[in-house]
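Trainee: One structure follows; several queries about it will come next.
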Amino acid sequence: QVHLVESGGGLVQPGGSLGLSCAASGSIRRIDVMGWYRQAPGKQRDLVAVMIAGLTANYADSVKGRFTISGDNAKNTVHLQMNSLKAEDSAVYYCYLKIGGLGSYWGQGTQVTVSS
């Protein structure tokens, strides 16, 4: 059994910053991918940023230069620092984890709202 616990999120004004954290626990041997997706109302769930094998970061074009993902595979944690937030960043953000040999897991989601 694998559990993901997300923290962070909330309401912020345009141009502001927020941080999201995710911690995984359970039967975790090897993390292949860990990161964040988001889903706005009426839209599909899209990749925001992920860490590949704890070494390589992939970002959606829309967040490059504004968001930074960092992870610690030894602690099974990932953090997303979001700067220069825009209204279009508003969405439910989901932590995502892919474990080698076990499968993929999702967090419960945390709301990020960017509004004045």
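Trainee: Expressed as a whole percent, how much of the Cα-Cα distance distribution for the stretch 28-108 exceeds 22 Å?
Mentor: For the stretch 28-108, the share of Cα pairs beyond 22 Å comes to 22 percent.
Trainee: For labels at S62 and S17 in the simple 7 Å Cα→Cβ model, what's the distance in nm?
Mentor: 2.3 nm
Trainee: On full extension of the chain, what length is gained from D46 through R29, given 0.36 nm per residue of separation minus the C-alpha to C-alpha distance?
Mentor: 3.5 nm
Trainee: Further question on the same structure: Students often check this: by mean Cβ neighbours within 10 Å, which of 47-55, 97-105 ranks highest, and how do the rest follow?
Mentor: Final packing ranking: 47-55, 97-105.
Trainee: Express the carbon and sulfur contribution to the solvent-accessible surface of the chain as a percent, rounded to the nearest whole number, probe 1.4 angstrom. It would help to have the intermediate numbers written out before the result.
Mentor: Values: 2930 of 6080 Å².
Ligands and nucleic acids excluded, carbon and sulfur reach 48 percent.
Trainee: Going Cα to Cα from K98, which lysines come in below 22 Å? Please leave out same-chain ones fewer than 8 positions away.
Mentor: Cross-link targets: K75.
Trainee: Can I ask one more? Output the relative contact order of the chain, whole-number percent, from Cα pairs under 8 angstrom with separation of 6+ residues.
Mentor: On the way: 290 pairs, mean separation 41.3, N = 116.
Computed value for the chain: 36 percent relative contact order.
Trainee: Ignoring ligands, DNA and RNA, what accessible area per residue does the chain give at 1.4 Å, in Å²?
Mentor: Per residue, the chain has an accessible area of 52 Å².
The values are calculated or read from the model by the stated rules, or taken from the named source; none is laboratory data. Since the model is a prediction, treat every value here as computed from it, not as a measurement. Ideal geometry is used to build each Cβ from the backbone, glycine not excepted, and the neighbour counts take in all protein chains shown. Just so you know, the surface numbers come from the protein's heavy atoms only, side chains and all, with ligands and any DNA or RNA stripped out. Shrake-Rupley method; radii C 1.70, N 1.55, O 1.52, S 1.80 Å.
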